Amino acid sequence: MDSYTKQMNAWKTVWQKNKTPRFINGTMWEQLIAHWEKEETAETSSRNSKNRKGDRGGKGMYVHNLGACSMSTKEDELIEANDGNPVDRLQLIKVAHTNKTTSQIQDPVIKGVVDFVEAEIASQSQHLSDDGDSTGASTNLSLLQINEMVEKAVPKRKGGRLVGLARRASSYPASSLQAPYADPMILEELHDKDERIGGIGGAEHHYLF
C-alpha cells in the first residue's frame with residue numbers, strides 16, 4: 001500500500017469516528033467527506049472489501065510470503081541464483097508461498113496446486129521409467145512441461161491471469177514444449193534498442209541530405 005492510500009485510509013478512519021484530522025485544509029476535508037458519503041462510493045468500497053476477503057469456497061483470503069517483493073522480482077532472484085537460467089513455475093510458486101518460519105504453504109489453494117503438480121510429475125516420471133528407459137535425462141520433465149502442468153492447475157482470474165504467478169511467468173507459452181525460452185523483458189529491451197538505432201539512422205540520413 002502506497003503512502004497516498006495509507007493517508008486516505010487514515011483520514012477516512014478519523015471521519016468514521018466523527019472527528020477531524022489535524023493539519024488538513026478545510027475545503028479538502030469537506031470534499032473528502034462528500035466523496036465518502038456518496039452511495040456509489042460506499043457500494044464500491046463494500047464490494048472491494050468483499051472481494052479481498054472472499055472465502056474462495058471456504059479457502060479464505062489469498063496468502064503469499066513475498067512481503068514487499070513482487071512476484072516478478074522474486075522470479076528474477078531465482079533466475080540469478082540459478083546462474084541466469086529460467087526456473088519452472090512450480091519452483092516459483094513454492095518459494096513465493098512457503099512460510100520461512102514454518103516451511104509450510106499457508107494458502108490452501110496454492111498448496112492444492114503444488115500437491116497436484118508434484119503428484120503429476122511423479123506419475124509421469126514413473127511412467128517414463130516403466131517404459132524401460134530409466135536414465136535420469138529421460139525421466140526428468142522439461143521446464144516447459146512443468147510450466148504447462150502448473151498453468152492448467154492454478155485458478156484463473158478475470159482476463160486469464162493466473163492466480164499466484166507473475167505476469168511475466170505466464171507470458172511465455174507453456175504449450176510450446178519444444179520452443180526455446182526467451183525472456184519477454186529482454187525481447188522488449190532489444191526492440192527498444194532497434195527503434196533507437198533506427199531513429200539515429202534516420203537523423204543521420206536527414207543531416208547528410
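The values are calculated or read from the model by the stated rules, or taken from the named source; none is laboratory data. These figures come from a predicted structure and were not determined experimentally. Methodologically, a virtual Cβ is constructed for each residue, glycine included, from the backbone with ideal geometry; neighbour enumeration extends over all protein chains shown.
Listing for the model above:
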| quantity | calculated |
| --- | --- |
| Residue identified as touching a Ser or Thr at 6+ places or on another chain (Cβ under 9 Å), part of a helix (DSSP H, G or I) and modelled with pLDDT of 85 or more among W29, W15 | W29 |
| Filter result for the condition that a residue is of a type in the set (V, I, T), closer than 24 Å to N82 by Cα and at pLDDT 70 or above, over T98, T139 | T98 |
